[in-house]
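Following: one structure in structure tokens, then a few remarks.
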Amino acid sequence: MSAGERGSTQCSSRNLSYSPLVHCNDEFGSTTCRSPSPLAGEGRGEGPTRAAASKHALPPARLRFALSLVSAAALAYEILLTRLFSIVQWHHFAYMMISVALLGYGAAGAFVTLLQDWLARRFEAAFALCAALFGLSAAGCYLLAQAVPFNALELLWDLKQPLWLLVVYLLLFLPFFFAAICVCLMLTRYADLAGRIYSFDILGAAAGCLLVILGLFALAPLTVLGGVSATALAAGALGCVRRTLRSSMAAAASLVAAGVVLWALHGPFGRPQLSPYKDLSQTLEVMGTRVLAETSSPLGWLTVVESPQVPFRYAPGLSLNAPGEPPEQLALFTDGAGMNAIVRFDGARQPLAYLDYMTSALPYHLVEHPHVLVLGAGSGVDVLQALYAGATAVDAVELNAQVVRLVEERFASFSGRPYKQPGVTLHIGEARGFLAASRQRYDVIQLALLDAFGASSAGLYALSESYLYTVEALESALNRLAPGGYLSVTRWVTLPPRDTLKLFGMAVTALERSGVSDPGRNLVLIRGWKTATLLVKNGALTARDIERVRSFCRERSFDVGWYPGMQVQEAERYNRLDEPYFYDGAVALLGARRAEFIDRYKFYIAPAVDDRPYFFRFFEWRTLPELLRLKERGGLPLLEWGYPLLAVTLVQSLLLGLVLILLPLRMLARRPFQGPVRPMRALVAAYFAAIGVAFMFVEIAFIQKFVLLLHHPLYAVAVALFAFLLSAGLGSRRSQRLSDAAVQRRQAVAAPVVAIIVATLVYAAVLPRLLPLVAALPEAVRIALALALILPLGFAMGMPFPLAVRAVAALERALVPWAWGVNACASVVSAVLATLLAIHIGFTRVLLIAAVLYGLAVWLYPGRGAKTGA
Amino acid sequence: MRCPTRLRLVATLLLAAGLVCSHAQDRFASERQHMVREIERTQLAVSGETGQRALDPKVMAVMGRVERHRFVGEGLQSEAYDNRPLPIGHGQTISQPYIVALMTDLMQTKSGHRVLELGTGSGYQAAVLAELVREVYTMEIIEPLGKQAAERLAQLGYRNVQVKVADGYYGWPEHAPFDSIIVTAAASHVPPALVKQLKPGGRLVVPVGTSFLTQYLLLIEKQADGSVTTRQILPVAFVPLTGSH
């Protein structure tokens, strides 16, 4: 597998876990090998390839297959690790750990560069051994890493924690290191057939991407890890199949090890060991609690818990004046965090009375017998709230079918099947896509409070893209409101206010874009001590509406943060703050000095938009020193973790990447030069770094853009990643048709690069306009459209790497593994960098940077012709 | 000759052991005083926002007395007086000393008070309260923690603390009403029963946040007429706008 694939994997993995990061693929090339190979004739001579391939022999079929297996397993492992560490730790740490571990690829490049002669003499044995070690360490290192007592929450308090983190890095680094050696060895040995070898590598990765996602639907995550590990061990076995007794025994041992790993991870080691500070772990410490059900998919690991002795009474922000308590509940955890409740419902209305005492009940006091849309319906509590309030019809949209199955099937007698109640229609799908495709108009649209308070208040989602909390999403929801209807968004109260104010500002922008001249007249903000609810009305609020809002709040001891005509004295009736932050913020965001207020605020509250879909990022660099100074004074909780960790990840990867690139240079310098022309190393490094970065930027940005086309984040990642890998593999294979002489010329790379730049710029310009037009088309058509758009782009993107590998191989073979390592390091670093850039400048500009880098790559192209101008 | 030598040796060893012991005690005592000064400095630093230059001297005196190192695991004793939260096992933590002092101060305890705590944890907060009020009732839902805390508090001689391992949602009606209540266990909402068990003029304090990180404190005050107001208190001096308001 190539550096590219690696990157892409991370992209996908991030999205699979809704986690903040993206990595993507970049290209890779293959190299032909002049060395004799026992089955050199196989696979040779297909059509125009014959010219090139007849000089060079492909590796035997079993080795090509083994390479594909290693690549498949490595990509699957990356996706899987992100999933697993999102379960046992938190996803932003998962991202950081894996980003650093991926530098195992860069390390493999350095390792092979240093020992290439020694390894060349033991090529097959080294390949087989590394594949087997990859298999063993994939399972073993994960199990060890989850046992390391690293506690992210103590990172700034406890000096031992950075050391534990380092141990985790090293453990996770090993499997990627071994996997990468296999790929690098193969590419180096067969450098002249880089196009072909790369296609085996990357097509394997494409298969791994699909298989791991399917596997995660069907099997427990650790069982899938067993499968990944066994696949790599099988590749090891294939690598040793020869006719000697020793190699047969080694192959047999590898297969036996695969069996043992499969058994162990399905049985005795089959449960993830969660951090004791995750919500689920803490809940299971309570006396009498018991896990009733577990189910998992790429969308999350779900756990249902009962607690008969200390009953769950989940009702975030319930008014102190609530007449009753919540009915019996089961707790539903996603990835061991973010508790939600499955509420016992037997058809009786009275036990649901508590739902009328949450801030989110406000819209039901303003419209009677509404037609309601619940976005993110989850375990169905918001549906019950709508029914309690007398909704005539409820459309419920939920992304995760497994959540619905738990509620409607496994615990049907407990939940009373909220989605089967009269008037309720369930839609399994993504909210944004539903809004885009729907023709219905609603009286109330409820955007449910989906994320957990703890994670939200600590800024853990800072790196998660969310296309539900963007100005465009709010506009889309406003378009679906009936006249006089309300969009209702409930958020956790954080102090000083962050998300509530950001959301308020976004609603103002969305209303302005919809042509409302005085947005303040359409807005209501109320708050309890734990939750705040923002209402956006399709139309101006009337005096009657306002009176109802005030009486709703009075009866529940909630405060108003904003309604048209509100006076500051009303802001602090029941729940007092040091300052009327919410009212002051609302007034400022509605006033002429909005931009100045946003600018002066110590948290980032500028509106999130589709091109920068980071609603949960509140971190501002300039506030960091103040928060660190306040560490001992209780200031740390104000620190938003996600973003600074991303920056730390970037610095770590960059430094380590540089070491891995520079380290082998000394050795290369001492090596006697063998070849026709000595290429400039700086030029080679710059070229491979540029295409590594550019590939990742394009891939990451387009995966994000395709989320809006395909709606479902999982489909977007799976389809886009698979399409990029597949087409890059085919493009690489096609590049092999160029003769050895042709690859020395700069024109060889100019053609695909022009195609990439044109496609990138056209897509960047056209996609935002295209999306609304196709949103309502059937899913299959949209998937086909995504494939049609990606395939030509990916095809061209698969060429610059293998072409240059061949060009370099012809000039100085010893540089090939080093160039591979440079590309790998650049891919890893740029995946982190892409997210960081997207947060600040948006994905469109990330694409523009990629286009410039590709252009630069033509100029840097390391072929002989390029140097001489021939 | 040998016997006296041996005796002398034993005596020396005993003396040395005693010295080591008292040295450790001295060390903890001086660390504790250092912690108290740290809390005082912190309070002074936030006084611009809170208008309160110092916490209740009685609370500070107790903070300087209660042996926090006895409420954490052996391995963490050396860090017991750092101004940081500490893990106590079972996924639970003991709050940063400044937060403990601030919460206790907010409870406005008097020596004759009867107070309720939900979430005994290590028992440290209960011990602090026990030195300030007449009766402390504390409830814990993690059985091993509750038992351990009960033993520890008994060992340390806190006879005015009663620990019960039970669901705290309905408070402890047998001993209600309370002058003040502190809820250190995570709660999605404040149980109405607790507000009912609060005496008029009583105060209920809830730290809101996650393990290791207290985001803000919720203070519920029950007025003499039974009406209730809440206040959210940021435990840190932090103004969200740059420049003046």
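General observations
- Average projected area [Cα convex hull, segment A:695-749], square nanometres: 4.4
- Its residue count N fixes a reference of 2.2 N^0.38 Å for segment B:9-159, and the Cα radius of gyration divided by that reference is 1.13.
- Scaled radius of gyration (Cα, divided by 2.2 N^0.38 Å) that segment A:204-304 gives: 1.41
- Note on chain B: with a GNM built from Cα contacts shorter than 10 Å, the maximum mean-square fluctuation among B:LEU129, B:LEU106, B:LEU118 falls on B:LEU106.
- Amide H contacts for A:SER297 (H built 1.01 Å from N in the peptide plane; partners 5 or more residues away or on another chain; cut-off under 5 Å): A:LEU302.
- Under the simplified labelling scheme, the A:ALA606-A:ARG513 pair shows an inter-label distance of 1.5 nm, with each label point 7 Å from Cα along Cα→Cβ.
- Across peptide A:582-589, the average count of Cβ atoms from other chains found within 10 Å of a residue's Cβ is 1.
- Rh (Kirkwood; distinct C-alpha pairs) - segment A:739-870, Å: 16.6
- Using distinct alpha-carbon pairs, which all enter the 1/r mean, Kirkwood radius of segment A:123-237 in Å: 15.8
- Total charge dipole magnitude, segment A:61-188, about the Cα centre, Cβ charges on Lys, Arg, Asp, Glu only, Debye to nearest 20: 340
- Residue list for segment B:132-162, given a label point 7 angstrom along the Cα-to-Cβ vector of B:LYS58 and an amide N cut-off under 13 Å: B:132-135
- In nm, spacing of pseudo-spin labels at B:LYS147 and A:ALA784 (7 Å Cα→C-beta vector): 6.6
- Here the mean projected area of the convex hull built on the C-alpha positions of the protein assembly as shown is 50.2 nm².
- Listed by chain and number, the lysines whose alpha-carbon sits under 17 Å from that of B:LYS164, ignoring those within fewer than 8 places in the same chain, are B:LYS147.
- Panel order for A:PHE597, A:PHE616, by other beta carbons found within 10 Å of each beta carbon, from fewest to most: A:PHE597, A:PHE616.
- Summary of the geometry: segment A:560-638 and segment B:190-245, compared by the centres of their Cα atoms, lie 20 Å apart.
- Computed over segment A:549-626, the ratio Rg/Rh where both radii use C-alpha atoms and Rh is Kirkwood: 1.04
- For segment A:623-630, putting each phi into the Karplus relation 6.51 cos²θ - 1.76 cosθ + 1.60 with θ = phi - 60° gives couplings of 8, 4, x, 5, 5, 5, 5, 8 Hz, in residue order, rounded to whole numbers and with x for Gly and Pro.
- Counting only the Cα atoms, segment A:771-819 fills a convex hull of 88 Å³ per residue.
- Membrane-span-like helices in chain B (whole DSSP H runs, Cα extent of at least 15 Å along the helix axis, mean Kyte-Doolittle hydropathy of at least -1.0): B:2-50, B:143-155.
- For segment A:252-285 and segment A:777-848, distance of Cα centres in Å: 34
- Across segment B:117-147, the residues whose backbone nitrogen lies under 14 Å from the label position 7 Å along the beta-carbon direction of B:ALA166 are B:117-119, B:137-141.
- Debye log10 I(q)/I(0) at q = 0.15, 0.30 Å⁻¹ for segment A:810-870, Cα point scatterers: -0.63, -1.19
- Mean projected area (nm²) of the alpha-carbon convex hull when segment B:109-245 is viewed from all directions: 9.8
- In summary, the helical segments of chain A meeting the span-like criteria, namely a full DSSP H run, a Cα extent along the axis of 30 angstrom or more and a mean Kyte-Doolittle hydropathy of at least 0.5, are A:61-88, A:123-147, A:160-189, A:194-218, A:245-266, A:642-670, A:681-710, A:713-735, A:747-774, A:816-841.
- Förster-model FRET efficiency, 30 Å R0, A:MET249 and A:MET667, C-beta, rounded to 0.05: 0.30
- Under a 5 Å amide H cut-off, with hydrogens placed 1.01 Å from N, A:ILE445 pairs with A:LEU373, A:TYR486, A:LEU487, A:SER488 among residues at least 5 apart or on other chains.
- Dividing the mean sequence gap of close Cα pairs (under 8 Å, 6+ apart) by how many residues chain B holds gives a relative contact order of 14 percent.
- Note on A:HIS369 and A:SER551: with the Förster distance fixed at 25 Å, the Cβ-Cβ geometry gives a FRET efficiency of about 0.80.
- Measuring nothing but how far apart in sequence close Cα pairs (under 8 Å, 6+ apart) lie, relative to its length, segment A:333-428 scores a relative contact order of 30 percent.
- For B:GLU117, nonlocal amide neighbours, meaning residues 5 or more places apart or on other chains whose placed amide H falls under 5 Å from its own, are B:TYR137, B:THR138, B:MET139, B:ILE182.
- Put a dot 7 Å past the Cα of B:ARG27, heading toward its Cβ, do the same for A:VAL651, and the two dots end up 3.3 nm apart.
- For the pair segment A:171-192 / segment B:34-70, the C-alpha centres are spaced 58 Å from each other.
- Stretched out straight at 0.36 nm per residue, the stretch from A:ALA765 to A:LEU115 would grow longer than its current Cα-Cα span by 229.3 nm.
- Put a plus charge on the Cβ of each Lys and Arg, a minus charge on the Cβ of each Asp and Glu, and nothing anywhere else: the dipole of chain B about its Cα centre is then about 720 debye.
- Cβ-Cβ distance of A:LEU292 and A:VAL260, R₀ of 30 Å, FRET efficiency by 1/(1 + (r/R0)^6): the value works out to about 0.45.
- Our helix-only sum for chain A, with -39,500 (n - 2.57) per DSSP H run of n ≥ 4 divided by its residues, gives a mean residue ellipticity at 222 nm of -18000 deg cm²/dmol.
- Debye-sum result for segment A:347-499 in log10 I(q)/I(0), which assumes one identical scatterer on each alpha carbon, at q = 0.17, 0.19 Å⁻¹: -1.04, -1.28
- Considering only alpha-carbon pairs that sit under 8 angstrom and 6 or more positions apart, the relative contact order computed for chain A is 18 percent.
- Here the convex hull built on the C-alpha positions of segment B:53-101 has a volume of 74 cubic angstrom per residue.
- The eigenvalues of the Cα gyration tensor, multiplied by 5 and square-rooted, give segment A:393-439 an equivalent ellipsoid with semi-axes of 21, 13, 5 Å from largest to smallest.
A short reminder: the numbers here are calculations on the coordinates, not readings from a lab. In this text, all values refer to a predicted model and were calculated from it rather than measured experimentally. Note that we place each Cβ from the backbone using ideal geometry, even for glycine, and neighbour counts take in every protein chain shown.
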